[in-house]
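The values are calculated or read from the model by the stated rules, or taken from the named source; none is laboratory data. Everything numeric here is computed off the predicted structure, so don't read it as measured data. Ideal geometry is used to build each Cβ from the backbone, glycine not excepted, and the neighbour counts take in all protein chains shown. Protein only, heavy atoms only, side chains kept; ligands, DNA and RNA dropped before computing areas. Shrake-Rupley method; radii C 1.70, N 1.55, O 1.52, S 1.80 Å.
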Amino acid sequence: MIPIPRKSSPDAKRMIDEHKECIDSMKGVAGNSVLKCATPGDTTTVTGGIHEDFQLNRVLLRMRAQPAKGKLVVVCTKVEKEWRIARLSGIRGVPPEFATDKVYDNEQDPQHDIFLMRLEEFAETDGFPEHFREGWKRRDDMWTVT
């Protein structure tokens, strides 16, 4: 298994820089993907990111595999003008609570900040086989630390 690197390690620094480059190249594109656009804002030709950085790909997959409860998301507070980071309650019908007071003017920047926040929240051994619980019929087959 590939451990989730600590923020102070060279691997983490490389992943953070790659993630930031990808996010910055996606400004102007609706949605988010961790790939580099050849021309910023134009997804005709994309390279790098999760296609070329195996460790970044694995870490993002583990982050995405987490249950909804406590997950950080981007919330648009003013259509096409303002976005904030919120945390999901995990209960249907209960709105997410804002995690920070910071307001963003595009939808890509909060994605990078969420990546940094989640990188700090995750245990280095998150997703290792010892965390697996048999229970796929009960939708309880978590490969992540809870």
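Couple of notes before you dig in:
- Build a GNM of the chain with springs between Cα atoms under 10 Å apart, and of Met26, Met117, Met15 the one that fluctuates most is Met117.
- Stretch in the chain that is longest and holds no trypsin sites (Lys or Arg not before Pro) that DSSP places in a loop and that have at most 15 other beta carbons within 10 Å: 28-68
- Proximal charge balance of Arg6 [Cβ under 10 Å; K/R count +1, D/E count -1]: -2
- Measuring nothing but how far apart in sequence close Cα pairs (under 8 Å, 6+ apart) lie, relative to its length, the chain scores a relative contact order of 21 percent.
- From the alpha carbon centroid of the range 79-123 to that of the range 11-63 is 18 Å.
- Gaussian network model of the chain, springs between alpha carbon atoms under 10 Å - residue of Gly93, Gly41, Gly49 with greatest fluctuation: Gly93
- In the chain, lysine pairs with alpha-carbon atoms under 19 angstrom apart (chain gap of 8 or more, or interchain): 11
- Using a probe of 1.4 Å, the accessible surface attributed to Ser89 totals some 40 Å² when neighbouring protein chains are kept in position.
- Segment Leu61-Lys102, extension gain: residue separation times 0.36 nm, minus the distance between their alpha carbons: 12.2 nm
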